[in-house]
Amino acid sequence: MSDATSSQHQVCIAGTGSYLPEKVLTNADLEKFVETSDEWIFTRTGIRERRVAAEGEFTSHMAAKAGQKALEQAGLSPDEVELIIVATITPDTLTPATACYVQQQLGAMGAVAFDISAACSGFLYAMKIAKRLISDGAFTNALIIGAEKLSSFINWKDRTTCVLFGDGAGAAVLRRAAPEEGSILATEMGTDGRLTHLLNIPGGGSACPITPENAGQHLASLAMMGKEVFKHAVNRMKESAELVIERSGLQPEDIALVVPHQANLRIIDAIADRLAVPTERVFVNLQKYGNTSAAAVAIALDEAHRAGAIKRGDHIVMVVFGAGLTWAAAAVRW
Ligand code: UT7
């Protein structure tokens, strides 16, 4: 699905924020309860450690903290927020939406709030939706958040998944921009529902409720066919990044920074190579946090921004991939 070019209003990213829970779980910690090694995890993925939310710390709590920081940076008070979209596959409850809890925790009582479920692609799906709603004039600003408590949906005995994922949240404030300000230049998103079986949480939904009979089978845990997902991830991320670069009228050498989904360093390196962007212009923080699904690109964007790796006028490209299968990309002039 592509952008139309007749948008009335330019839309910029006015602030970013992120939140990571305090507890660190290292590869060495994992070695103690599952048959794995720091060497395997690091060489296959690039991950050294991940964060795990505290008991009683939910997705909404992390989302609200990241959102608060983004609002502060944007100079927007909670009562001015018009729209909150939370992208998550680990909601506090199946209903109501996690965005409703976030609205309450922020005190953003004037905002419309809802969730979207697009796995690791959710933050950029939310960006496209919010951008369009602002450019069409329905809202003047939006708080978009990617937040996950994946630790609640992991089978901690399954070494093929439990070493990969972590908890956290990232956020951005989008608002109507003046012509001289930065803007979201192009967005792209796609889905292939024929490949739902490659990456999913099979239980806990209406297809397979958790019952006393199946409760011990870890059906409400992430299951992934890693090798297959890997191949699709590289191809789809490369294609969608190329599309937004082309639609923005840019060349790869114009890109100051690529901020990709943080699942696997080998995937990131393969994409950088195929896009002909040197690895020093690709932001990586997965060694610290693992794969935080919808939160990953949002946390990376905030860290890159706060570290000074993104400056006013820079062109950046974000690109993501996840269960669905889903993928998305965005090109932004900061
Ligand atoms: O965020 C959503 C998108 N997700 C992704 O993009 C993830 C994409 N996939 C990947 O990143 C990689 O496929 C993985 C990191 C998940 C796996 O890496 P791989 O190089 O594809 O390894 P593999 O699954 O083919 O497993 C290789 C071997 C197997 O043993 P055998 O069959 O060769 O004897 C596994 O049993 O490694 C074994 N293995 C492990 N060994 C130690 C699997 N997990 C582990 C582990 N520790 N944690």
| request: Working only within segment 91-115, note down all residues that are part of a strand (DSSP E or B) and farther than 16 Å from Gly204 by Cβ. | output: Val112, Ala113, Phe114
| query | Would you call Asp273 assigned to a helix (DSSP H, G or I), open to solvent by 10 Å² or more (accessible area, probe 1.4 Å) and away from the ligand (no atom under 14 Å from the Cβ)? | reply | yes
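Does at least one position in segment 176-199 carry a residue that is under 27 Å from Leu71 (Cα atoms), of a type outside the set (D, E, K, R), within 16 Å of the ligand (Cβ to nearest atom) and assigned to a strand (DSSP E or B)?
Yes - at least one qualifying residue is present in segment 176-199.
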| Options Met109, Met127; residue that is open to solvent by 10 Å² or more (accessible area, probe 1.4 Å) and more than 23 Å from Leu222 (Cβ to Cβ) | Met109
| said: What are the pairs with Cβ atoms under 6 angstrom where one residue, in segment 139-160, is away from the ligand (no atom under 12 Å from the Cβ) and the other, located anywhere, is of a type in the set (Lys, Arg)? Sequence gap at least six, or different chains. | reply: Thr140/Arg176; Asn141/Arg175
| query | Does segment 231-246 include one or more residues that are open to solvent by 50 Å² or more (accessible area, probe 1.4 Å), away from the ligand (no atom under 16 Å from the Cβ) and of a type outside the set (A, V, I, L, M)? | reply | yes
| query | What residue, among those in segment 251-263 that are open to solvent by 20 Å² or more (accessible area, probe 1.4 Å) and outside any helix (DSSP H, G or I), is nearest to the ligand (Cβ to nearest atom)? | reply | Ala263
| Only one of these conditions is not met by Gly190: (1) farther than 27 Å from Trp40 by Cα; (2) open to solvent by 50 Å² or more (accessible area, probe 1.4 Å). Which number is it? | (2)
| task | Confirm whether Ala169 is in contact with a His (Cβ under 8 Å, 6 or more places away or on another chain) and not aromatic (Phe, Trp, Tyr). | result | no
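The values are calculated or read from the model by the stated rules, or taken from the named source; none is laboratory data. Predicted model, so just to flag it, every value in this text is computed and none were measured. Glycine also receives a Cβ, built like all others from the backbone with ideal geometry; neighbour counts cover every protein chain displayed. Accessible surface is based on the protein model in full, side chains and every heavy atom, while ligands, DNA and RNA are left aside. Shrake-Rupley method; radii C 1.70, N 1.55, O 1.52, S 1.80 Å.
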